[in-house]
Amino acid sequence: VFSGPVHEYGGFDILCEFLGMRIRAIDLERDPAHDVVNQHLFDTILTELNQYDVVLMAPPCSTFSAVRGLAGGPRPLRDEDHMYGVPGLSAQEQEIVKQGTMCAWRCVQLSTRASECGKLWLIENPAQRPGGPSLFKLPEMTTLKLLPDFANARTGQCIMGCICKKTT
């Protein structure tokens, strides 16, 4: 879920196929019908969860990124004290934050259901930085730590062939 677009030169889809795995990639960038905020689609995903061995989620990180505002980039939309949006956001920015938060909530629901079904699950998002916002700092995310199969891991994407370090 939140799989990103189809990549011309491969990507996770190709790797899974190469390993003989069946994958269902869900993302708005692949299909406008893949809006997981839509309750009907989300209920379908929850119902079909038993068909899969692993649930991999990479929710949009743009509103949670601690690097917003650095090097002339877009201004921060959240901070550690305002995880649901910093004061003074425009209506458009508030909507972007709301959508990002909803995607995070969907990850909590999917992870909880996957755990109940005995399925492996993983949420990939940028690593937490001291004082910065993070999807993992949302109060709703703390419930995941109570699941019996919860573990937290940090890695750099460059060790997996990515051209940048991006710690997740």
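The values are calculated or read from the model by the stated rules, or taken from the named source; none is laboratory data. No experiment lies behind these values; they were computed from the predicted model shown. We place every Cβ from the backbone using ideal geometry, glycine too, and count neighbours over all the protein chains shown. Areas reflect the complete protein model, heavy atoms only, side chains present, ligands, DNA and RNA absent. Shrake-Rupley method; radii C 1.70, N 1.55, O 1.52, S 1.80 Å.
The table that follows gives values for the structure above.
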{"quantity": "Residue-averaged [θ]222 nm for the chain, counting only DSSP H segments that reach four residues, each worth -39500 (n - 2.57)", "calculated": "-8500 deg cm²/dmol"}
{"quantity": "Probe 1.4 Å, protein heavy atoms only - accessible area per residue of the range 23-155 in square angstrom", "calculated": "56 Å²"}
{"quantity": "Principal-axis tilt of helix 39-48 within the chain, Cα atoms, nearest 10 degrees", "calculated": "40 degrees"}
{"quantity": "Under the Karplus curve 6.51 cos²θ - 1.76 cosθ + 1.60, θ = phi - 60°, whole-Hz ³J(HN,Hα) for the range 64-79, x wherever Gly or Pro sits", "calculated": "9, 5, 6, 8, 4, x, 8, 6, x, x, x, 5, x, 9, 9, 9"}
{"quantity": "For a label point 7 Å along the Cα-to-beta-carbon line of Gln94, residues of the range 53-79 with backbone N under 17 Å", "calculated": "77-79"}
{"quantity": "Rounded to 10°, Cα long-axis angle of helix 91-116 versus longest principal axis of the chain", "calculated": "40 degrees"}
{"quantity": "Segment Arg129-Thr142, length gained on full extension (0.36 nm per residue, minus Cα span)", "calculated": "3.0 nm"}
{"quantity": "Portion, in percent, of the accessible area of the chain that falls on carbon or sulfur, probe 1.4 Å", "calculated": "58 percent"}
{"quantity": "Euclidean distance between Cα centres, the range 116-142 to the range 24-56, Å", "calculated": "19 Å"}
{"quantity": "Where a label projected 7 Å from the Cα of Leu120 along Cα→Cβ would reach, residues of the range 36-52 with amide N under 18 Å", "calculated": "49-52"}
{"quantity": "Correct choice for mean projected area of the Cα convex hull in nm² that was computed from the model, options (i) 9.0; (ii) 11.4; (iii) 11.0", "calculated": "(iii)"}
{"quantity": "Tensor-based shape of the range 1-55 (alpha-carbon gyration tensor, a/c under 1.5 rounded, otherwise prolate or oblate)", "calculated": "oblate"}
